[in-house]
1. For the chain, with every protein chain kept in place, what is the accessible area per residue (1.4 Å probe, Å²)?
2. Over the Cα atoms, compute the radius of gyration (one decimal) and Dmax (the largest Cα-Cα distance, rounded to a whole number) for the chain, in Å.
3. What distance in nm lies between label points placed 7 Å from Cα along the C-beta direction at Trp28 and Asp11?
Amino acid sequence: MVREPVSPVKDKDYDLIHTLQLSLEHIWRMETYIADAEDRGDQELATWFRKIQENNRKAGEQGRKLLKERLQRESR
């Protein structure tokens, strides 16, 4: 079993922001992968990439809402 390196930052806010950033990055990256698959005529792969993109879009939206709620609570 391969162990992940230990995070240099042990902070729940960092973890939330970093995960949100990764979700948003994957949404953008899937656009390239979808275009590549379509250029090669592989609709099956393009459809799969769209599903991944949608999952990341949902995760990104959930993360954004969670971050907003937490920032509002902490500013009170």
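1. About 84 Å² of surface per residue is accessible.
2. 16.3, 53
3. 2.2 nm
The values are calculated or read from the model by the stated rules, or taken from the named source; none is laboratory data. What you see is a predicted model, and the numbers here were worked out from it, not measured in a lab. Cβ atoms come from the backbone with ideal geometry, glycine included; neighbour counts cover every protein chain shown. To get the accessible areas, we keep the full protein, side chains included, count just its heavy atoms, and leave off ligands, DNA and RNA. Shrake-Rupley method; radii C 1.70, N 1.55, O 1.52, S 1.80 Å.
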